[in-house]
Structure formats: structure tokens, C-alpha cells
1. Relative contact order for the chain: what is it in percent, counting Cα pairs under 8 Å that are at least 6 residues apart?
2. Run the helix sum for the chain: -39,500 (n - 2.57) per DSSP H stretch of 4+ residues, divided by residue count, reported at 222 nm to the nearest 500 deg cm²/dmol.
3. Once you place label points 7 Å from the Cα toward the Cβ at F38 and L50, how far apart are they in nm?
4. As I understand it, the value is the acute angle between the Cα axis of helix 9-29 and the longest principal axis of the Cα atoms of the chain; what does it come to in degrees, rounded to 10?
5. Helix 90-125: angle to the longest alpha-carbon principal axis of the chain, degrees 0 to 90, nearest 10?
6. Is segment 9-120 best put as rounded, prolate or oblate by its Cα gyration tensor, with a ≥ b ≥ c the root eigenvalues, rounded for a/c under 1.5, and otherwise prolate when a/b is larger than b/c, oblate when not?
7. Given the options L49, L98, L80, state which has the largest fluctuation in a GNM of the chain using a 10 Å cut-off (strictly under) for Cα springs.
8. If you place +1 on the Cβ of every Lys and Arg and -1 on the Cβ of every Asp and Glu, how big does the dipole about the Cα centre of segment 9-120 come out, in debye to the nearest 20?
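Please treat every number below as a calculation from the coordinates, not as lab data. This one's a predicted model, so the numbers in the text were calculated from it and none came from an experiment. All Cβ positions, even for glycine, are placed from backbone atoms using ideal geometry, and neighbour counts span all protein chains on display.
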Amino acid sequence: MKGKTGFSFRARVRSFGYAWQGIKTLVVNEHNARIHLFATICVVGVGLLLKLSTLEWAVVALCIGGVFMAEALNSAVEALCDKVSPDYDPLIGKAKDLAAGAVLLFVCGAAVAGLCVFVPKLLALL
């Protein structure tokens, strides 16, 4: 069954524009996202030097994408919470802490995955 308005290629292109604006906002306005971007550049550079396999690149790419996704969701939760409740509220604080914790959990998992990919290659150079 077709939706009310049907498929609109123009609307799809516009939605990608909004998504790119969100990514730009994330990198420009969020300090932690810039730290993740710096780490990403370093990881990709070392990966190119170590000639990662296709599977290793897949793991690295999923980790990088996941960290940025978690950071973006955390930033969205924080912005929404600040709009809804500019004053301190313990439940808003809990929501923000949980969102920040989610980023930390993913970053820890990505770090472990990165160690699994990079340490054997670095040890092989010794």
C-alpha cells in the first residue's frame, strides 16, 4: 500500500541534506565529536600504514560509525533535555547521564575491537 503522498525523490534528497546538517552540527558544536574525529583520522592513517584486511576495515568502520552515532544521539538527548527543562531536574540529569554512559560503553567496546585489530599487526612489526 502506498503512503498518502507517495515517493518523492526531492523529499529523499532533502532528508539527506538535513542529515548532513546534523553531522556538521555535531562536529562543529560538540567538543567530544572533534576528539572522536581526531581519533578517527589517526586510526585510518595507522590502518592504511598497516594495510588492514577487508574484514579488519569493516570492524574499524563499524566502530567509527558506532561511536559517532552514539555521540550524535547523546548530543540530541542533551539538546532536547535542555529545551524541555532548562533548570536542574534529577530525571533530566539521569537521562543525560545514561546517554553519556551509552557513548562511553560503545567507545570502550570500540577500543577493545581496535586493540584486537591493531595489536597483532603492531607486534608483528617487532
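1. 27
2. -30500 deg cm²/dmol
3. Rounded to a tenth, the inter-label distance reads 2.1 nm.
4. 70
5. Helix 90-125 sits at roughly 20 degrees to that axis.
6. Details: a/c = 2.66, a/b = 1.49, b/c = 1.78.
Since a/c reaches 1.5 but b/c is at least a/b, the shape of segment 9-120 is classed as oblate.
7. L49
8. 520
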